[in-house]
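Encoded as structure tokens, the structure appears first; notes follow it.
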């Protein structure tokens, strides 16, 4: 018999993220596949008890909350203590948690304190004849592996975008408050604030419907033999602001700055996707000026609809990797697109 625990955390304002609701859906689905199993939910963070009111008691047998000001912000010492306390209280055999930045850095260490085993980057959990199996990608998303483990508790950190989010409800379920013993020694690290780009400069939007990929061609010499970097920046930023799309790029373009070559000023290593970068899961993708340099972005397997703009109709990466290929100058095309977007607004 499996005792399943869903382990989520609140945001600093006390709300729950979409990723947290996806983890709840994963747990509810797994429970439906396992006969004679138990499903519990634990919430860590500020306003945890209030956040528990978003769940239907009929879906969860028990709800635990570890809250307080000390757990409002991400901090390894206090988060790991809260997770350890919850694991010892519930004694789960399977733990499902969202692979958020906060949980990614702390869950494995906390699980080790109760002799648990943690697997990350999980993209699926299934139960077959009572055996729980997880799937994840290896070798830069080229090989998908299905595996199981006998060690318990087994902690699974699931990626976002895999499960449909749990539909929150308004209810009043019974919540068990779990006291976490936090010492002054654990509070050596303090929260100061958040640094983020000014409004309009943030180009990374994970929830955007469109991923706009900038290839190295934007920084190369154009038809007149000149580099038009400033114009390229204006075109791209205007498109991003009009569509609220997310900006991605390849490692080759991100690395140009370190090689002394011209580079888009707003582009950083955080925009890198594919290879050793992030795994985008946007519904649509548009790759521009790829010049054969973005095979992992033009044909990225998790983008549902892939389009590319390339002057070379024989580009090996665009042909066969993109659903639609526009043989045209990206500068001219994107200028026209921006004009149409502004006219439409």
Anything in the range 49-73 that is more than 17 Å from residue 167 (Cβ to Cβ) and touching a residue at least 40 places away in the same chain (Cβ under 8 Å)? List them, or say none. 49, 62, 64, 65, 66, 67, 68, 70, 71, 72, 73
Residues of the range 1-45 being farther than 17 Å from residue 62 by Cα and touching a helix residue (DSSP H, G or I) at 6+ places or on another chain (Cβ under 8 Å), in sequence order, are 10, 14, 15, 16, 45
Qualifying position, being modelled with pLDDT under 80, in contact with a helix residue (DSSP H, G or I) (Cβ under 6 Å, 6 or more places away or on another chain) and under 21 Å from residue 206 (Cα atoms), among 254, 298, 263: 254
How many residues are at pLDDT 85 or above and crowded, with 17+ Cβ neighbours inside 10 Å if we restrict to the range 206-218? 7
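The values are calculated or read from the model by the stated rules, or taken from the named source; none is laboratory data. Every value quoted in this text rests on a predicted model; they were computed, and no experiment measured them. All Cβ positions, even for glycine, are placed from backbone atoms using ideal geometry, and neighbour counts span all protein chains on display.
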